[in-house]
Amino acid sequence: MDVLQPILEQAPAPRATKRFQVALIKPSHYDDDGYVIQWVRAFIPSNSLAVVYSLVEDSRQRRALGDDVEIDITAADEINTRTRIPQIIERFRAHQFFGLVFLVGVQSNQFPRALDIARPLRAAGVPVAIGGFHVSGCVAMLPGIQKDLQDALDLGVTLYAGELEGRCDELLRDAAAGRLQPMYNYLHDLPALEGAPTPLLPRKYLKGTFSLQTSFDAGRGCPYQCSFCTIINVQGRKSRGRSADDIERLVRANMAQGVNWFFMTDDNFARNKDWELILDRLAALRKEFAAAGQKDIKLVIQVDTLCHKIDDFIEKARAAGVVRTFLGLESINPENLASAKKRQNKITEYRQMLLAWKQAGVITYAGYILGFPHDTPASIAEDIAIIQKELPLDILEFFCLTPLPGSEDHQRLFKEGAPMDADLNRFDIEHAVTAHPKMSRDEWQGTYFKAWDLYYSAEHIERLLRRAAATGGGVSRLASMIFLFSSMVKIERVHPLQGGILRLKYRRDRRPTLPTETPWLFYLKLVFGTAFKLGQSLRHWLWIDSLRRKILSDPDRAGYVDAAITPVDEHEVDELELFTHSQAAHDAVEHIRKVEKLTHAKSVA
């Protein structure tokens, strides 16, 4: 059944004698002061929420609970929507607790918040289930039931491991019959995605996102074996995808409700076997929408660092509307990449790959992990300086190497009995939560914050904007992104991926383990703190904007050149610091040379 259009224009349903309540909540998590991280407008939409909403809506349309039962669905992403627990309880009480609160897409750092939402609901008799990567990752990689999961079970919360496609009816029927199981485990039975209801949230639930963004997954699974990754152990290493027809229906439905910004959440879209069919279909849709005078498709994707090796991939991505791409760069130290089993990343390919995206006019983001075994504060600072000078990268975002439950790293440390932080709320890839062989936790944490200051220095921000002007990139677009990424950690102490516009705080929404502040103290800190942060943000934006205007008014802006945006040269491996700054880098270059020599010899033979 095509559920997309009915979601937007729901036809009157037959009169039902009972109404089953479904409340979908994507939890946020707590900041260091214990307040829920929440914004007027959040930067990143929740794909998990969209996926589950569409599956429940499909069940509603098919009247999966019977012709005499109507399903009422609400959805809330806590990153931009306050969870009002008393109102949820009253709603369910009015319907004799006939329904289900489903906490969806719960990651490890969000699990404590999920339990804090579930606890009063369960005390009132509201059925609650929790799904997402934390539950699935723990069940997939650890023996038995871990304490945090047992805490949920002790509350009478149902745990859901695995994916919901093809099983939503079963979950809803069990909840309606009052026979929810303590745990559902479908990790060893990954469903096909082709033809399944595609992720779609009605516009009213997207208003809390920046630029009215939505998201979808064209596929799930990744063939690589990165030891810090949870995706491969939850969604598998074999790519499962939606068809081009599925994607077209999804895009058309969103465009019909005025939504044209899409974040494709696939961990590595370049390895989707149908990438070309999907990109060609999107390119055709862009032409159709342009001819009809409609908005243009804007797409953000995630790919690996070898995507430029795929014939026509970057060209077709740009034709499909890709304006930003996220790359898992992770490190420029080959020893670090090898230690994480990220052997697909070759530092000798970085420049060619980034230049290809820049020539296509696409803004590049790269994740950079701090805390690999060979990292030190000095080596990290050195690496950042090399990236600034020699890689044509736009946005660099930093993460602490975090042993997330569900990853091989976490499993190994668990088996070794290595100390890890007991508070899951800190497993947000921004906090150091375990020991490091060369840095204390304080050094590691300090290095994380310093890294943002180092990369987004005044000198480098100007360099980035001048590169964009010289290569024909969108200087204004890049200036906006630089502002967001250079200010969020410095001013709000929150990673940009958890960021947004205008922070919200509610006095009574503090973590239960911390005291509720008195009204006068809370509101005094909130008012003056908000005013101070707004002042900092305004000053920073005015500086970036003045720099942008100066560069755009420079008649010689197209003549700017530096080492990063020069074409790849066969001799650069002997000259650039990227390839010469360490023995590991030198060895990586020699290995590539040997491979090329052997390959050439075989082709000649």
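For the chain, Cys138, Cys168, Cys222, Cys307, Cys400 stand unpaired, since no other cysteine beta carbon lies under 4.7 Å from theirs. For the chain, the longest principal axis of the C-alpha atoms and the axis of helix 347-359 are separated by about 80°. Placing unit charges on each Cβ (+1 for Lys and Arg, -1 for Asp and Glu) gives the chain a dipole about its Cα centre, and among Phe92, Ile482, Gly499 the Cα reaching farthest toward its positive end belongs to Phe92.
In what order, largest first, do Val568, Val494 sit by accessible area if the probe radius is 1.4 Å?
Working: Val568 75, Val494 5 Å².
Sorted by accessible area, descending: Val568, Val494.
Straight-line cross-link reach from Lys295 at under 18 Å between alpha-carbon atoms covers these lysines, not counting any fewer than eight positions away in the same chain: Lys207, Lys287.
Note on region 167-295: with neighbouring protein chains present and a 1.4 Å probe, carbon and sulfur make up 49 percent of its accessible heavy-atom surface. Against the criterion of solvent-accessible heavy-atom surface with a 1.4 angstrom probe, His540, His586, His431, His188 sort, most first, into His188, His586, His540, His431.
The modelled label-to-label distance between Ala418 and Ala385, using points 7 Å beyond Cα along the C-beta direction, is 2.9 nm. Cross-link reach is defined here as a Cα-Cα straight distance under 24 Å, omitting same-chain residues fewer than 8 places apart; for Lys594 the lysines meeting it are Lys309, Lys341, Lys342, Lys346, Lys602. Compared with the dominant Cα axis of the chain, that is its longest principal axis, helix 47-61 is turned about 40°. Taking every protein chain into account, the accessible area of region 458-588 amounts to 55 square angstrom per residue (probe 1.4 Å). A straight chain from Ile501 to Leu155 at 0.36 nm per residue would run longer than the Cα-Cα distance by 121.0 nm.
Using a 1.4 angstrom probe on the protein heavy atoms only, could you order Ser227, Ser457 from most to least accessible area? Please report the intermediate quantities before stating the final value.
Values: Ser227 5, Ser457 35 Å².
Greatest to least solvent exposure: Ser457, Ser227.
Placing dummy labels 7 Å off each Cα toward the beta-carbon, the span from Ser339 to Asp556 is 4.5 nm. Charges were assigned to the Cβ only: +1 to each Lys and Arg, -1 to each Asp and Glu. The resulting dipole of the chain about its Cα centre is roughly 1740 debye.
Treating only the Cβ of Lys, Arg, Asp and Glu as charged (+1, +1, -1, -1), what charge dipole size does region 198-322 show about its Cα centre? Round to the nearest 20 debye. Intermediate results must be reported in sequence, preceding the final value.
On the way: 20 positive and 15 negative charges, 84 e Å.
I would put it at about 400 debye.
Applying the Karplus relation 6.51 cos²θ - 1.76 cosθ + 1.60 with θ = phi - 60° to region 171-182 yields 3J(HN,Hα) values of 4, 5, 5, 5, 5, 5, 8, x, 10, 4, 6, x Hz, where x marks Gly and Pro.
Pulled fully out, how much extra length does the chain show between Val40 and Glu288, if you take 0.36 nm times their separation in residues and subtract their Cα-Cα distance? Could you put the intermediate results ahead of the total?
Values: separation 248, 0.36 × 248 = 89.28 nm, distance 3.38 nm.
Going from the current span to full extension adds 85.9 nm.
Remark: region 131-261 carries 37 Å² of accessible area per residue (probe radius 1.4 Å; ligands, DNA and RNA excluded). First compute the accessible area of region 500-541 with a 1.4 Å probe, then give the percent of it belonging to carbon and sulfur atoms. Its accessible area is 70 percent carbon and sulfur atoms.
The accessible area of Met481, taken with all protein chains in place and a 1.4 Å probe, comes to roughly 20 Å². Computing FRET efficiency as 1/(1 + (r/R0)^6) for Thr516 and Lys238, where r is the C-beta to C-beta distance and R0 is 56 Å, gives about 0.70.
Determine the shape class of region 141-216: with a ≥ b ≥ c the square roots of the Cα gyration tensor eigenvalues, call it rounded for a/c under 1.5, and otherwise prolate if a/b is greater than b/c, oblate otherwise. Verdict is prolate for region 141-216. By a 1.4 Å probe calculation restricted to protein chains, Lys147 has an accessible surface near 150 Å², given to the nearest 10.
Taking a straight line from the alpha carbon of Lys550, these aspartates and glutamates sit under 17 Å away, with near neighbours fewer than eight places off in the same chain left out: Glu459, Glu462.
Could you calculate the contour length gain from Lys18 to Ser440, that is, 0.36 nm times the residue separation minus the distance between their Cα atoms, to one decimal place in nm? Before the final figure, lay out the partial values.
Working: separation 422, 0.36 × 422 = 151.92 nm, distance 5.86 nm.
Using 0.36 nm per residue and subtracting the Cα-Cα distance, I get 146.1 nm.
In region 300-450, carbon and sulfur make up what percent of the accessible area (probe 1.4 Å)? Ligands and nucleic acids excluded, carbon and sulfur reach 52 percent. Considering only Gln388, His410, His431, and ranking their Cα positions along the charge dipole of region 382-439 that arises from unit charges at the beta-carbon of Lys, Arg, Asp and Glu, the one farthest toward the positive end is His410. The trypsin sites (Lys or Arg not before Pro) found in region 427-495 that occupy coil by DSSP, while having at most 16 further C-beta atoms within 10 Å, are Lys438, Arg493. Between 0 and 90 degrees, the angle of helix 111-124 with respect to the longest Cα principal axis of the chain falls at about 10 degrees. Size descriptor for the chain, Kirkwood hydrodynamic radius: 25.6 Å (Cα pairs only, one decimal).
The values are calculated or read from the model by the stated rules, or taken from the named source; none is laboratory data. Everything numeric here is computed off the predicted structure, so don't read it as measured data. All Cβ positions, glycine included, derive from the backbone under ideal geometry; neighbour counts span all protein chains shown. Please note that ligands, DNA and RNA were not included when accessible areas were found on the heavy atoms of the full protein model with its side chains. Shrake-Rupley method; radii C 1.70, N 1.55, O 1.52, S 1.80 Å.
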